[in-house]
Each structure stands twice: as C-alpha cells, then as structure tokens.
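> Take this structure first; my questions come after.
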Amino acid sequence: MEARSLSECGVISDWGIVEVEETKDRHIIGFSSHYNFYVITQKIIDYHYDVETRQGSAITDSGILYALTGKPVYYSPNKQIQLQEFMEKNNCKLKPVRVERFNLFYLNAVTQKLLSINTKSMRLLSRFLQ
C-alpha cells in the first residue's frame, strides 16, 4: 500500500530506502504504526536521519512529511512481498539503498541553498559596484 501522510500512516518504523533502477526515484518502505502493516511511500526528494537518536524524517515531491523511527533496514526487493508487488505493478526493478550517516540528498540540499545565497550576494555586490 502506498502511504499518503503522517496523519494517515502514523510513524514509519523498521524502514529502509529502495531506488527504482530505471528512474533513480527513491521510496521508503517501512512498518506503519497506524495500519499495522508495511507501506511504500511516494517518491522522496529529501530525508534526514539522526544516528544517535534513531529518529528521522522524509519528504516527498508532493510535500508529504513522514516521521521515521528506529534503525534503517536493508530490504532485499526479492524477499519482500510488498516490493515484489511494487515492481510488478510499475514494471520496474528496485535496488536497496544503504542509509549512511550523512546522506547525499541532505548534502545536495545544503549545497544548493549555499549556492543560491552566494548567487544573490554576487548580484547585490555587482549592483553596489556599478
């Protein structure tokens, strides 16, 4: 089942990230505290995970925020029924993604923010110097 929002699925535990090989879209699979079964999220665009507290959050491209708890799990698409159904329904291949201490989504978002700040500063400086 595709999870829709925090209010609908509660907290997602025993979670992991899988990537669609064809499109490089990433999805979270995890156990929903509300439904009491495993759900797969929409495409995520960013996530943050704190190793020390084992808490995290993820956001989809449509703006839905998910709360994550517990240590991330490395799910094998061939052994998880929900992932097999997802691959069959969407005619795609999935590969598991290891959740590292620092994730590239988060670092890319920070880098993009710094670049946008730097660009704005350069524009202001060029106007001032003219």
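The values are calculated or read from the model by the stated rules, or taken from the named source; none is laboratory data. Please read all numbers here as calculations on a predicted model, not as lab measurements. Quick reminder, even Gly has a Cβ in these numbers, built from the backbone with ideal geometry, and neighbours come from all protein chains shown.
> What are the residue pairs meeting all of these: first residue in segment 44-57, first residue closer than 14 Å to I29 by Cα, second residue crowded, with 18+ Cβ neighbours inside 10 Å and of a type in the set (G, A, S), Cβ atoms under 7 Å, and 6 or more apart or on different chains?
Note: pairs meeting the criteria are I44/A58; Y47/G56; Y47/A58.
> What residue, among those in segment 43-58 that are modelled with pLDDT under 90 and crowded, with 18+ Cβ neighbours inside 10 Å, is nearest to V99 (Cα to Cα)?
Y49
> Let me ask something else. Does S62 fit the bill of being free of Cβ contacts under 8 Å to residues at least 40 places away in the same chain, under 16 Å from the mean Cα position of the chain (by Cα) and more than 16 Å from R98 (Cβ to Cβ)?
Taking the combined requirement at face value, the residue satisfies it.
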